[in-house]
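A short reminder: the numbers here are calculations on the coordinates, not readings from a lab. These figures come from a predicted structure and were not determined experimentally. Here Cβ is always computed from backbone atoms with ideal geometry, including for glycine, and neighbour counts include all displayed protein chains.
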Amino acid sequence: MTSHLVILFVISLLIGPIASTKSIIDPKFCLEASDYKDAMSKGILFFEGQRSGKLPSSQRVKWRGDSALSDGELENVNLTGGYYDAGDNVKFGWPMSFSVSLLSWAASEYKNEITSANQLRYLQNAIRWGTNFLLRAHTSSTTLYTQVGDGNNDHQCWERPEDMDTVRALYKISTSSPGTEAAADAAAALAAASIVFKGVSPNYSTRLLRHSKLLFQFADKYRGSYQASCPFYCSFSGYQDELLWAAAWLYKASGDNKYLNYLTSNQGWSQAVSEFSWDNKFAGAQTLLAKEFMAGKSNLAKYKDGADSFVCALMPGSSTVQIKTTPGGLLYTRDSSNLQYVTSASMILLAYSNILSAAHVEGVQCGSVHFSSSQIKAFAKSQVDYILGNNPKKMSYMVGFGNKFPTQLHHRGASIPSIHTHPAKVSCNEGYSDWYLSSNPNPNTHIGAIVGGPNSNDEFTDSRSDYSHLEPTTYMNAAFVGSVAALVGGHTDRHRCLNLQYANRTKDVVHGAQV
């Protein structure tokens, strides 16, 4: 008995505080690097299921077909391609841009890790599918199409995108009808993507950067808040965050000091925030610019302060914590698709922990509490692990990952049989009566889709009608890809998993349990 306890004590020293933190729901739960690679590959695959337009021969999600091939014809422009943002059939340009930015950030920040999983080409294809649409949508220096399809009309129908027959209304911004958030976000997306393609397709990269500069100029010169996509995507944080986000990416992509000067002179806009989302980009800009500050640009101090403040607002135990966790340890910002905030926060925390480590900065001071970069990373990892199955429900919130995951995704295309197996048209009302209201699992498994997640008590009901908890979004997945990519290179994961398994086996023996 005594020797067993000694072994347990030694193992606990090797494992450290990770095994005893609140976020570890199941002490036997452990993901290895290969599991994170699998989750990342599925997270990227999800984007192929969201594609609009003419699908390529390399399409891997076989239950999808060509759709919305006449988008833009109402105004004689080609607006085919791009992504449906969620479980409906509307293309919202603003959140699409945010998704592309996050995917591009992941591709440039974790290129080696993604390459090791043989996923870089697929990720680049996912980015290009989005940027090609944004390029088409930017029809002149001061014109950007921001939406295809009417959200209200679309939501009256439950149709596969391949059967879609609702009016494909067009929305755009111009000098007379500006939308700074949408234009600046598109600028950020194209600038971030230009970095990804710089060494792969130089001409394409140059084109992306050229359009990005024009869009930023348009966004900044003709300022006006974007409200055309309300009530689905309304601007609550204003447009200053998008302007900083775009300028940060343009500086990173071009190295042009005029963008650095812009960021320096406008850092008064920077605010302490507790979320990073399609609406609020402050934390993203602050993280990018904190890296520049730590590299010697001391006039960017306010952005570093903002990045630190974001950490302090999220870390459990912080004296200035703003976002509480569920009993199971999940960050809980708000009930509507909460995992979007979890994935984006995790992406920021993981990126920032790496930035701190690379700059040999010990961590972040939150009042009387200090968090090391390893503690920040461990907490962000716990959020990823929660999504992938380490939670009170013992289920994955990514479709197709693990043995138990949601089967009634709130998604039109996934919930109706594929056009390849059921070629007859499924009408608007037929879709609702026969498929939306069905209690059966979806006929198509939308692999990689992350749902909105559990409620504040870690409870979850797999019901298609509950869109707040069952609907996927491109930006939720994009942030998850950026989070899990940071974890695929963990060379000690297997040893830690074996240690945890052995510790628990030993614990069972000590307490007389059967193993």
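Can you tell me which of 100-108, 128-136 comes out highest on packing, and rank the rest after it, using the mean Cβ neighbours within 10 Å?
Numbers: 100-108: 28.0, 128-136: 22.3.
In decreasing order of mean packing, 100-108, 128-136 become 100-108, 128-136.
Hey, what did region 108-216 get for relative contact order, percent, Cα under 8 Å, at least 6 apart? If you can, show how the numbers build up before the last one.
On the way: 102 pairs, mean separation 29.3, N = 109.
Worked out over region 108-216, it gives 27 percent.
Convert each backbone phi in region 97-105 into a coupling constant with the Karplus relation 6.51 cos²θ - 1.76 cosθ + 1.60 (shift: θ = phi - 60°), then list the ³J(HN,Hα) values in order as whole Hz, x for Gly and Pro.
The phi angles translate into 4, 4, 4, 5, 4, 5, 4, 5, 4 Hz.
Of the options Phe405, Ile419, Ala486, report the single residue whose Cα projects farthest towards the positive end of the charge dipole of region 389-497 (beta-carbon charges: Lys, Arg +1; Asp, Glu -1).
Ala486
Would you mind putting 216-222, 255-261 in packing order, based on average other-beta-carbon counts within 10 Å, highest first?
Working: 216-222: 20.0, 255-261: 13.9.
Order by mean packing, descending: 216-222, 255-261.
What length, rounded to one decimal in nm, is gained on full extension from Cys230 through to Ser201, with 0.36 nm per residue of separation minus their alpha-carbon distance? Could the numbers behind the result be given before it?
On the way: separation 29, 0.36 × 29 = 10.44 nm, distance 3.64 nm.
Using 0.36 nm per residue and subtracting the Cα-Cα distance, I get 6.8 nm.
Check the straight Cα-Cα distances from Lys393 and name the aspartates and glutamates below 15 Å, setting aside those fewer than 8 residues away within the same chain.
Asp26, Asp385, Asp458, Glu459, Asp462
Go through region 52-65 residue by residue and turn each phi into a ³J(HN,Hα) via Karplus (6.51, -1.76, 1.60, θ = phi - 60°); whole Hz please, and just put x for glycine and proline.
Going residue by residue, I get 10, x, 7, 7, x, 5, 7, 4, 9, 8, 6, 7, 8, x Hz, with x marking Gly and Pro.
Is the shape of region 148-224 rounded, prolate or oblate, going by the alpha carbon gyration tensor and its root eigenvalues a ≥ b ≥ c, with a/c under 1.5 for rounded and a/b larger than b/c for prolate? Kindly include the intermediate steps, with their values, before the conclusion.
Numbers: a/c = 3.53, a/b = 1.50, b/c = 2.35.
Oblate, because a/c is 1.5 or more while a/b does not exceed b/c.
Which order do peptides 183-195, 468-480, 418-430 fall in by mean Cβ count within 10 Å, highest first? Working shown, then result.
Numbers: 183-195: 30.9, 468-480: 26.8, 418-430: 13.9.
Taking the mean over residues of other Cβ atoms within 10 Å, the ranking is 183-195, 468-480, 418-430.
How high is the relative contact order of region 151-288, given as a whole-number percent (alpha carbon pairs under 8 Å, six or more residues apart)?
Working: 173 pairs, mean separation 33.4, N = 138.
Normalised by residue count, the contact order of region 151-288 is 24 percent.
How far apart, in nm, are two points set 7 Å out from the Cα along the Cα-to-Cβ line at Asn118 and at Ser372?
3.7
Could you please state, rounded to a whole Å, how far the C-alpha centre of region 245-321 is from the C-alpha centre of region 119-192?
Comparing the Cα centres of region 245-321 and region 119-192, I get a distance of 26 Å.
Output the Cα-based Rg and Dmax of region 230-376 in Å, rounding Rg to one decimal and Dmax to a whole number.
15.2, 47
Let a ≥ b ≥ c be the square roots of the eigenvalues of the Cα gyration tensor of region 416-482; is it rounded (a/c under 1.5), or, if not, prolate (a/b larger than b/c) or oblate?
Details: a/c = 2.66, a/b = 1.55, b/c = 1.71.
Since a/c reaches 1.5 but b/c is at least a/b, the shape of region 416-482 is classed as oblate.
Relative contact order for region 248-347: what is it in percent, counting Cα pairs under 8 Å that are at least 6 residues apart? Could the numbers behind the result be given before it?
Working: 110 pairs, mean separation 21.6, N = 100.
Relative contact order of region 248-347: 22 percent.
Just the C-alpha atoms of region 150-274: what Rg/Rh do they give, with Rh taken as the Kirkwood radius? Could the numbers behind the result be given before it?
Details: Rg = 17.0 Å, Rh = 16.1 Å.
My calculation puts Rg/Rh at 1.05.
State which entries of Lys221/Lys258; Lys198/Lys258; Lys42/Lys291; Lys54/Lys172; Lys91/Lys324 exceed 26 angstrom in Cα-Cα distance in the structure shown.
Working: Lys221/Lys258 15 Å; Lys198/Lys258 21 Å; Lys42/Lys291 30 Å; Lys54/Lys172 23 Å; Lys91/Lys324 33 Å.
The pairs that break the limit, which is 26 Å between Cα atoms, are Lys42/Lys291; Lys91/Lys324.
Answer rounded, prolate or oblate for the chain, using the Cα gyration tensor with square roots of eigenvalues a ≥ b ≥ c: rounded when a/c is under 1.5, else prolate when a/b is larger than b/c, else oblate.
On the way: a/c = 1.94, a/b = 1.22, b/c = 1.59.
Judged from the Cα gyration tensor, the chain comes out oblate (a/c at least 1.5, b/c at or above a/b).
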